[in-house]
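Report on the following structure.
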Amino acid sequence: QVQLVESGGGLVQPGGSLRLSCAASGSIVSIYTMGWHRQAPGKQRELVAAIAIGGSTNYVDSVKGRFTISRDNAKNTMYLQMNNLKPEDTAVYYCNAVGRYGDILSWGQGTRVTVSS
């Protein structure tokens with residue numbers, strides 16, 4: 001099994017920055033892709049960014065150029081650097097781990113990000 005723990009959320013003003021972390025433990029070797037998702041009030045959860053074991057990344061259009069996903073395999077930790085935050089980025093952010101065949105291994109508990117003046 002894989003366990004994921006997010007941290008780094010909080011309240012930030014528009015234009016500010018935050019870095020989210022997702023620490024993985026357990027059956028790390030089974031993880032192929034990790035991703036960040038978010039769910040705003042009244043909306044469906046959406047994929048924000050993902051990073052594969054080889055380092056390839058993809059982003060939802062609304063965050064391209066502002067968010068950067070990365071992973072430190074030595075620390076078993078994934079990050080989401082969020083710059084130039086906007087009120088519409090307000091949501092609970094979740095990380096997940098996906099196996100080689102697209103199977104969802106685990107979800108984190110979520111960390112809240114609020115962008116407001």
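Tabulated data for the structure shown
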| read-out | value |
| --- | --- |
| Dipole magnitude of the chain, debye to nearest 20 (Cβ charges: Lys/Arg +1, Asp/Glu -1, about Cα centre) | 100 |
| Sulfur and carbon atoms: percent of accessible area, the chain [1.4 Å] | 49 |
| Separation of the residue 74 and residue 44 label points, Cα + 7 Å toward Cβ, nm | 4.1 |
| Per residue, in Å², the accessible surface of the chain once ligands and nucleic acids are set aside, probe 1.4 Å | 53 |
| Distant alpha-carbon pairs in the stretch 53-117 (separation over 15 angstrom), percent | 62 |
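The values are calculated or read from the model by the stated rules, or taken from the named source; none is laboratory data. Fair warning: this is a prediction, and the values are worked out from it, not measured in the lab. With ideal geometry, Cβ positions are generated from the backbone for all residues, glycine too; neighbour counts draw on all protein chains shown. To get the accessible areas, we keep the full protein, side chains included, count just its heavy atoms, and leave off ligands, DNA and RNA. Shrake-Rupley method; radii C 1.70, N 1.55, O 1.52, S 1.80 Å.
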